[in-house]
Amino acid sequence: MLAENFDEIIEKRRSNRRFDPEVKVPDEVIKRSLERAILSPNSSNMQLWEFYWIKSQEEKEKYTAFCLGQSAAKTAQQIVVFVTRKDLWAKHAKWNLDRLKQGITGEPNKLQKRGLDYYGKLMPLAYRSDWFGFFAFVRRMISFFGGLTKPFYRMGGKADQRVTVHKSCALAAQTFMLSIAAEGFESCPMEGFDEKRVKQALNLPCGAEINMIIAVGKGTPEGVWGPRFRIPYEEVVFER
Ligand SMILES: Cc1cc2nc3c(=O)[nH]c(=O)nc-3n(C[C@H](O)[C@H](O)[C@H](O)COP(=O)(O)O)c2cc1C
């Protein structure tokens, strides 16, 4: 039953690029969907993401231009910008650390000690960066020597950190879109936008990046560009 409902949601979620101007999307739908998105799995529970809900008509018009005039943005009733914030790693590591500490009374047990080390030592090691690439070099050396004789988590430079935060943010975006479908509306994820202008408009620091922008509305049949095609299962799924 649960799987059947899920199948229905998966079938229903299509990228729709033309929304019905007559049908409003209630704010509660977006709020509930963002609340669900926040529950998405994310790397180390660091939650290095932010969600900018573009509400005012004036702002929405700006985003149509930022999204290069795409019809999904132009006709959207609601727009949400999904942002990665790898620059907030220290704050979020501390947040996790503080939450762990709150649950510890007396001497920490083995699991608690591991948690304290994880957020107190491993996260700084994984996320710290500098202009000269010193920390990236240290991480690569640790990974190289640690991985010589046994499987080892491979840490790297800024590009690897960016991949990590974008993975988690995209999962949140997917939860959001599935939720929108479950609520009876349609969405369109967009990466066709002017990132520089979006970042400026949101007043974001250079460490932040735009993951995707999602347009939401009541979809129309013309908004779906055709049947859903996928490369066959056998060509993309490999059993070993
Ligand atoms: C990261 C990402 C970026 C996308 N960017 C755009 C976009 O800028 N404009 C657009 O019309 N569709 C965009 N799409 C939608 C894809 O074209 C669409 O998901 C794909 O064709 C499969 O169709 P479906 O979503 O209906 O299953 C994007 C999808 C993803 C996941």
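Considering only the range 15-52, state which residues are in a loop (DSSP other than H, G, I, E, B), over 29 Å from Trp225 (Cβ atoms) and not aliphatic (A, V, I, L, M).
Result: Pro41, Asn42, Gln47.
Would you check which residues across the range 1-37 are of a type in the set (Phe, Trp, Tyr) and surrounded by 13 or more Cβ atoms within 10 Å (Cβ to Cβ) and list them?
We begin by selecting, within the range 1-37, every residue of a type in the set (Phe, Trp, Tyr); these are 6, 19.
The one that is of a type in the set (Phe, Trp, Tyr) and surrounded by 13 or more Cβ atoms within 10 Å (Cβ to Cβ): Phe19.
For the range 213-224, how many residues meet the condition of being within 13 Å of Ser71 (Cα to Cα) and in a loop (DSSP other than H, G, I, E, B)?
2
Considering only the range 90-132, state which residues are open to solvent by less than 40 Å² (accessible area, probe 1.4 Å), closer than 26 Å to Val163 by Cβ and not in a helix (DSSP H, G or I).
Asp130
Only one residue in Pro189, Pro151, Pro227 is assigned to a loop (DSSP other than H, G, I, E, B) and either open to solvent by less than 50 Å² (accessible area, probe 1.4 Å) or within 13 Å of the ligand (Cβ to nearest atom) (or both), so which one is that?
On the way: Pro189 fails: assigned to a loop (DSSP other than H, G, I, E, B); Pro151 fails: either open to solvent by less than 50 Å² (accessible area, probe 1.4 Å) or within 13 Å of the ligand (Cβ to nearest atom) (or both).
Result: Pro227 is the single residue among Pro189, Pro151, Pro227 that is assigned to a loop (DSSP other than H, G, I, E, B) and either open to solvent by less than 50 Å² (accessible area, probe 1.4 Å) or within 13 Å of the ligand (Cβ to nearest atom) (or both).
Among the numbered criteria (1) among the acidic types (Asp, Glu); (2) open to solvent by 40 Å² or more (accessible area, probe 1.4 Å); (3) more than 10 Å from the ligand (Cβ to nearest atom), which one does Glu209 miss?
The number of the failed condition is (2).
The values are calculated or read from the model by the stated rules, or taken from the named source; none is laboratory data. Quick caveat, the model's predicted, so the values are computed rather than measured. Using ideal geometry, Cβ is built from the backbone for each residue, glycine included, and neighbour counts are taken over all protein chains shown. With ligands, DNA and RNA removed, areas are computed over all heavy atoms of the protein, side chains included. Shrake-Rupley method; radii C 1.70, N 1.55, O 1.52, S 1.80 Å.
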